[in-house]
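Structure record follows, encoded as structure tokens.
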């Protein structure tokens, strides 16, 4: 930013000089504070005010004093919706066509928001707003989430003044991967002392606003609160979870019908709205066994409990705004980033980490752990049937461009300026329309340049007129959708949409046609009745795709993740971690999946010393090399199943090199080809000499964990049977990890595991 020319005079001495101070930025008169509350993976019907029996009184009260929109649309995934919400442009246009997890090498798929697409925070900074980001970010490439950044894609690099939250798609709610501003930090509490991330995020939001109010109460603020709820893992206090078992015991078929009836009574959907058939692969509730129904009910209760718990804490933030006299001129928005998740599969998970490493989780095992669901050593997600119910009355799920993936709740409340209370608006609204709407309400224009970078035009269209005019027209421009090859286009009340089966030719996709003005739930396909209209919309989709950097279409999951990792890490096979370093996110940690590797820790230890040397992962999955009761120990934790090897003799006092060698076993008949038996040998080493070994079929085939790596302690949810952080009591100089180049990963399985993380 260019400084204004000096407006005073400078003589030879102070007596002949005149000082001058540039005028600071001033906010527009009456500019509101803005609180954006962004939920994760919450379906269209999950808030109480959208038809759910889940208790959300704080959210419902906002709706009662403001507006609910029935036609708010997202982009089907988290990174992409966030990019559109933050920039006011389509997600492919700004380089986030898919996920922040990879850069596909094409302009629309960089995984990082372009500098030419300024964020709302960057736009408002010029108008004296202070900007605070709390919670989930996930629009920074995860390979750039380590201690060296680069930080230009982190919140502070994109216009926010403070940040407290996490950079990845998800995190454990009891032992989160936290960042304060630009630094990874340990969580301030644990499950044992009552810690939960949602409560922490609300505390931090209150702190940022309280600090602001104390320091510069005359300036407006933007607080972007992106909760982890209700993304997996579904974790909440057990008593709240258990209270929902009776609510959902009737199953998803009854639940869908009851939610639709409430939605009709609320005026959210037309009386003529039909309930679509169950999504593909979802069986009738009564077709499942009693044990299955018990498990499925508890998994749904965990989801509901997480949302209920979040609403309780959101109420604290709203009460703080009331107490401090800020609520009247605070524009509050509550929404979700996409539809309910299909990543739980047909049967759901108690701990998804095992199945993603080929350790099955049969119903009997799920049932045995039913009371663990939602706790600190679980990574639970609900089955498809309950995700379908979350999206009532819409078809399909997150990732898809049918209504279940992209049509979401949206609540707007601003007591000073919105006289409507409890009304519903039915205009079509897209995530990219939020920024132009907020700019219009504040009374400012989008800047032509930000930090010297010329800005691309806003692509969203303000829907501000609809706030006070229920009959205001929807945007005149068409709106395209694309995710993993699933496609859609809305224009003038009509929608063309194509579901794309992965790995099949795009030309084979079947396009459907729906008149949304008369068919809210996309139940009556008019493709055969109106082929010319459909053809025109499909043609328009291709035009939009070319204009917004959607091409080339790419439906590959595994290859995109694998190619990105190979490109970023290159030929590097050796990592050195010195004592005193911070936390290492999974995406920048050594990738030891399905390969041979060697770990060596250089230590000085007293007799009977103890503690972690290196640990990667958490209680749901990971590995840890540590000393306990004087012995060297390695724990391979695959989905909660532990393969432990303990040294045959204690580690002597003094300076030593303590290590682990992992070798995948080859068939003797084909040693040259390196054919694998599926078994691996884990050998403990003390000063290079073998000190115990175990041969096992357990291994990290697709992922280690979404929790990162620690040196000298295990700071979060413990990988093994010790009390975290279990810091090493000796002197740890450094740890090296040396890997063999050869890696044998199943791309499809890796892709499925990575997609479950999103």
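Of all residues in region 351-374, exactly one satisfies the criterion of being on the phi > 0 side of the Ramachandran plot and touching a helix residue (DSSP H, G or I) at 6+ places or on another chain (Cβ under 6 Å), namely 374.
Residue 93 satisfies every condition listed in (1) within 19 Å of the chain's Cα centre (by Cα); (2) surrounded by 24 or more Cβ atoms within 10 Å (Cβ to Cβ); (3) assigned to a loop (DSSP other than H, G, I, E, B) except (1). Number of residues in region 524-558 that are in contact with a helix residue (DSSP H, G or I) (Cβ under 7 Å, 6 or more places away or on another chain) and either exposed (fewer than 15 other Cβ atoms within 10 Å of the Cβ) or at pLDDT 95 or above (or both): the value is 3.
Does residue 379 satisfy the condition of being over 30 Å from residue 70 (Cβ atoms), surrounded by 24 or more Cβ atoms within 10 Å (Cβ to Cβ), touching a strand residue (DSSP E or B) at 6+ places or on another chain (Cβ under 7 Å) and assigned by TED's automatic domain parsing to the domain that holds residue 267? Yes, satisfied. For residue 398, the stated conditions hold: it is over 30 Å from residue 721 (Cβ atoms), within 21 Å of the chain's Cα centre (by Cα) and in contact (Cβ under 8 Å) with a residue 24 or more places away in the chain. In contact with a helix residue (DSSP H, G or I) (Cβ under 6 Å, 6 or more places away or on another chain), crowded, with 21+ Cβ neighbours inside 10 Å and either under 21 Å from residue 400 (Cα atoms) or not assigned by TED's automatic domain parsing to the domain that holds residue 342 (or both): does that describe residue 46? Criteria met by residue 46. Of all residues in region 54-74, none are touching a helix residue (DSSP H, G or I) at 6+ places or on another chain (Cβ under 9 Å) and modelled with pLDDT under 95. Considering the conditions (1) buried (at least 24 other Cβ atoms within 10 Å of the Cβ); (2) over 19 Å from residue 125 (Cα atoms), residue 160 is excluded by exactly one of them, (2). The condition (being over 19 Å from residue 303 (Cα atoms) and surrounded by 18 or more Cβ atoms within 10 Å (Cβ to Cβ)) is satisfied by just one residue among 260, 201: 260. In this structure, does residue 27 turn out to be surrounded by fewer than 20 Cβ atoms within 10 Å (Cβ to Cβ), in contact (Cβ under 8 Å) with a residue 40 or more places away in the chain and in contact with a helix residue (DSSP H, G or I) (Cβ under 7 Å, 6 or more places away or on another chain)? So residue 27 fails the test.
Anything in region 606-619 that is surrounded by 24 or more Cβ atoms within 10 Å (Cβ to Cβ) and assigned to a strand (DSSP E or B)? List them, or say none. Within region 606-619, 612, 613, 614, 615, 616, 617, 618 meet the criteria. Within region 195-216, restricting attention to residues that are touching a residue at least 60 places away in the same chain (Cβ under 8 Å) and not in a helix (DSSP H, G or I), the residue that is farthest from residue 39 (Cα to Cα) is 216.
Going residue by residue through region 112-122, is there one that turns out to be buried (at least 24 other Cβ atoms within 10 Å of the Cβ), more than 24 Å from residue 212 (Cα to Cα) and either over 21 Å from the mean Cα position of the chain (by Cα) or in the same structural domain as residue 448 (by TED's automatic domain parsing) (or both)? Checking region 112-122: at least one residue is buried (at least 24 other Cβ atoms within 10 Å of the Cβ), more than 24 Å from residue 212 (Cα to Cα) and either over 21 Å from the mean Cα position of the chain (by Cα) or in the same structural domain as residue 448 (by TED's automatic domain parsing) (or both).
Evaluate region 233-251: report whether one residue or more is farther than 21 Å from residue 309 by Cβ and over 19 Å from the mean Cα position of the chain (by Cα).
For region 233-251, residues farther than 21 Å from residue 309 by Cβ and over 19 Å from the mean Cα position of the chain (by Cα): present.
In the set (1) crowded, with 18+ Cβ neighbours inside 10 Å; (2) touching a helix residue (DSSP H, G or I) at 6+ places or on another chain (Cβ under 8 Å), residue 472 fails one condition alone, (1). Which condition number does residue 494 fail, the rest of (1) modelled with pLDDT under 95; (2) under 22 Å from residue 407 (Cα atoms) being met? Failed condition: (1).
Scanning region 496-526 for residues that are outside any loop (DSSP other than H, G, I, E, B) and under 26 Å from the mean Cα position of the chain (by Cα) returns 497, 498, 499. Are any of the residues in region 421-434 under 28 Å from the mean Cα position of the chain (by Cα), under 21 Å from residue 258 (Cα atoms) and not in a loop (DSSP other than H, G, I, E, B)? The answer is no, given that none of the residues of region 421-434 is under 28 Å from the mean Cα position of the chain (by Cα), under 21 Å from residue 258 (Cα atoms) and not in a loop (DSSP other than H, G, I, E, B). The single condition among (1) surrounded by fewer than 24 Cβ atoms within 10 Å (Cβ to Cβ); (2) touching a helix residue (DSSP H, G or I) at 6+ places or on another chain (Cβ under 8 Å) that residue 437 does not satisfy is (2).
If only one of 466, 462, 413 is surrounded by 17 or more Cβ atoms within 10 Å (Cβ to Cβ), in contact (Cβ under 8 Å) with a residue 24 or more places away in the chain and out of contact with any strand residue (DSSP E or B) (no Cβ under 6 Å at 6 or more places or on another chain), which one is it?
462
Evaluation of residue 305 against the conditions (1) touching a residue at least 60 places away in the same chain (Cβ under 8 Å); (2) farther than 26 Å from residue 424 by Cα; (3) more than 28 Å from the chain's Cα centre (by Cα) shows that the sole unmet condition is (3). Quick check on region 141-153. Is at least one of its residues at pLDDT 95 or above, in contact with a strand residue (DSSP E or B) (Cβ under 7 Å, 6 or more places away or on another chain) and either within 20 Å of residue 209 (Cα to Cα) or part of a loop (DSSP other than H, G, I, E, B) (or both)? Within region 141-153, not a single residue is at pLDDT 95 or above, in contact with a strand residue (DSSP E or B) (Cβ under 7 Å, 6 or more places away or on another chain) and either within 20 Å of residue 209 (Cα to Cα) or part of a loop (DSSP other than H, G, I, E, B) (or both).
Candidates 271, 255, 290: the one that is farther than 30 Å from residue 328 by Cα and surrounded by 16 or more Cβ atoms within 10 Å (Cβ to Cβ) is 255. Which of the following residues is on the phi < 0 side of the Ramachandran plot and in the same structural domain as residue 319 (by TED's automatic domain parsing): 181, 203? Result of the check over 181, 203: 203. Scanning region 9-57 for residues that are out of contact with any strand residue (DSSP E or B) (no Cβ under 8 Å at 6 or more places or on another chain), under 21 Å from residue 71 (Cβ atoms) and assigned to a loop (DSSP other than H, G, I, E, B) yields 45, 51, 52, 56.
Exactly one residue out of 325, 339, 348 is on the phi > 0 side of the Ramachandran plot and crowded, with 20+ Cβ neighbours inside 10 Å, and it is 348. One residue stands out in region 168-194 among those that are farther than 25 Å from residue 82 by Cα and assigned to a loop (DSSP other than H, G, I, E, B): the one that is farthest from the chain's Cα centre (by Cα), namely 194.
The values are calculated or read from the model by the stated rules, or taken from the named source; none is laboratory data. A quick note: this is a predicted structure, and the numbers were derived from the prediction, not measured. Using ideal geometry, Cβ is built from the backbone for each residue, glycine included, and neighbour counts are taken over all protein chains shown.
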